[in-house]
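First up is the structure itself, then whatever we jot down about it.
The values are calculated or read from the model by the stated rules, or taken from the named source; none is laboratory data. Since the structure is predicted, the reported quantities are computational estimates derived from the model, not experimental observations. Positions of Cβ are backbone-derived with ideal geometry, glycine not excepted, and every protein chain shown enters the neighbour counts. Accessible surface is based on the protein model in full, side chains and every heavy atom, while ligands, DNA and RNA are left aside. Shrake-Rupley method; radii C 1.70, N 1.55, O 1.52, S 1.80 Å.
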Amino acid sequence: MTGIGAAMTLLAVTPVMANAGPASPTGTEFIVKFRDGVAARSDALAANGLRVVGEVSVGAVLVSPTKALDTTTALAALRARGDVEYAEVNGTMHADLTPNDPMYPQQWHYYEAAAGARVDTAWDSGLTGAGVRVAVIDTGRTAHTELNANYLGGYDMISNAAAARDGNARDNNAQDQGDWQAAGECGAGTPARNSSWHGTHVAGTIAALRGNAAGVAGVAPAAKIVPVRVLGRCGGSFADIIDGITWASGGVVAGVPNNPNPARVLNMSLGGSGACPASLQAAITAANNRGSAVVVSAGNSNVNASNATPANCNGVITVAASDRQGNRAVYSNFGATVEITAPGGETSPAASGGVLSTLNAGTTVPAAQSYAFYQGTSMAAPHVAGVVALMQHKKLAAGVALLTPAQVTARLRARAMPGSCVGGCGIGLLDARASVAAA
Ligand SMILES: [Ca+2]
Ligand SMILES: [Ca+2]
Ligand SMILES: [Ca+2]
């Protein structure tokens, strides 16, 4: 751990429908074809509790029940008739979606057999994260055409104006001002480094626009991002991060207007060393009690995450990182506090082994939007956060209560795929498709 005392740092290592899926019967309508020369027999249908509601262009009729009936029984009765050629459920198809985003083929971390998180097949459910807000507690936001439509108002929670680099303390503008540093600026021996635009990368994995014929795709491309800026020059303080968690989840922070967009998924791709501070634990527990699942990175030090925080706090979903082959990434922390592993990639020997997402090209202050491969447990966590958004979208679409944080964790873990890991990587590799099915 480098940098100023009691600071946490970001956890990226900077390098450089067409065909039908299985039908989903609604059970409410049927397509019935009477034999050629036989007009639709309204009396026969009525005897089966059905009535014609439309025509289908192959000479069949669309029929709807006039009373509650059992689908199997109704179909059997129709098919037993000599004048019925066929009768079947008017089912549902979904796009077997292959995104048209030109950089999607480089996002191996979504679809490759070895270690991809099966995001592509999860999308076949039609779920997009619509209606779900995900707080990205990180370096803040930058303008990007892949993200602008999905940003909601966030907050700059950095209380030190020098660290914030925007000339003031806390304010309602979550703009990432850059976290570049000169050699030694953040403690003896710390290297010079360009701005990371870390929060922009994390946000892109969660909710970059998909299907817009541009750039990359996010895991939950219709989820909304609430950017909460807590990391600036030389990292972020515990106090600011704690208040960020409280605010993001809908709690009260003195001197700050309440968040109009409380998030039920929080992503924290950041960490420091040591035990979980009691104050940080209290904030996480309170967020859980408000219904917010808290997804955190395990850390990038190739050590047991028991000494990395917030990875070691209770009530968080601690995410380790895998490489492109499904092995624990060389840098990833591990151990009993890890709940699950997701793709974090390795940018050596080839950058393309990292996770591709949105970025900014500025070396210090923001400049043009861009894309880049990063590696890190910081990149793994947002895969999980995006999948949680898909899971909660499923509950919203069904009009039922959202999953509690404990239910989210249990469903993610009930359905993970096996991976290769020495030291403990939780239950295994994230399986988006199965997690969504279990939600
Ligand atoms: Ca500020
Ligand atoms: Ca896109
Ligand atoms: Ca844990």
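Observations on the model:
- Here region 30-89 is treated with +1 on each Lys and Arg Cβ and -1 on each Asp and Glu Cβ, and its dipole about the Cα centre works out to around 120 debye.
- The order of TYR111, TYR104 by accessible area, most exposed first and with a 1.4 Å probe, is TYR111, TYR104.
- Farthest towards the positive end of the charge dipole of the chain, among the residues VAL132, VAL228, GLY153, is the Cα of VAL132, using unit charges on the Cβ of Lys, Arg, Asp and Glu.
- Difference of contour (0.36 nm per residue) and Cα-Cα distance, GLN106 to ASP83: 2.8 nm
- Shape category assigned to region 155-227 from the gyration tensor of Cα positions, a/c cut at 1.5: oblate
- Antiparallel DSSP beta bridges within the chain, as percent of all bridges there, nearest 5: 50 percent
- Subtracting the Cα-Cα distance of THR72 and ALA192 from their residue separation scaled by 0.36 nm leaves 36.3 nm.
- Carbon and sulfur %, accessible surface of the chain computed with the full protein complex present, 1.4 Å: 54 percent
- The charge dipole of the chain, taken about its Cα centre with unit charges on the Cβ of Lys, Arg, Asp and Glu (plus for the first two, minus for the last two), comes to roughly 640 debye.
- Rounded if a/c under 1.5, otherwise prolate or oblate - region 181-336, Cα gyration tensor axes: rounded
- Ordered by solvent-accessible area of protein heavy atoms (1.4 Å probe), largest first, the residues TYR151, TYR110 come out as TYR151, TYR110.
- Taking label positions 7 Å along the Cα-Cβ direction at both ALA182 and ASN212, the computed distance is 3.8 nm, reported to one decimal.
- Label sites at VAL303 and THR404, each approximated as a point 7 angstrom past Cα along Cα to Cβ, lie 3.5 nm apart.
- Hits among lysines - C-alpha to C-alpha of LYS33 under 26 Å, sequence gap 8 or more where chains match: LYS67
- Considering helices alone, the calculated mean residue ellipticity of the chain at 222 nm is -6500 deg cm²/dmol, with DSSP H runs of length four and up weighted by -39500 (n - 2.57) and normalised per residue.
- Site pair ALA350 and ALA162 shows an inter-label distance of 4.5 nm when each label is modelled 7 Å from Cα along Cα→Cβ.
- Evaluated at q = 0.09, 0.21 Å⁻¹, a Debye calculation over the C-alpha positions of region 267-418 (equal weights, vacuum) places log10 I(q)/I(0) at -0.30, -1.27.
- Debye, to nearest 20: dipole size of region 172-242, +1 on Lys, Arg Cβ, -1 on Asp, Glu Cβ: 220 debye
- Note on region 100-247: semi-axes of the ellipsoid equivalent to its C-alpha gyration tensor, largest first and rounded to whole Å, are 30, 18, 13.
- Peptides 292-301, 239-248 ranked from most to least packed, by the mean per-residue count of other Cβ atoms within 10 Å: 292-301, 239-248.
- The C-alpha radius of gyration of region 30-89, expressed as a fraction of 2.2 N^0.38 Å, stands at 0.98.
- Hits among lysines - C-alpha to C-alpha of LYS394 under 26 Å, sequence gap 8 or more where chains match: LYS224
- For region 71-141 versus region 371-436, the gap between their alpha-carbon centres in whole angstrom: 17 Å
- The chain: mean projected area of Cα convex hull, nm²: 23.0 nm²
- Most to least packed among 341-348, 142-149 [average Cβ atoms within 10 Å]: 341-348, 142-149
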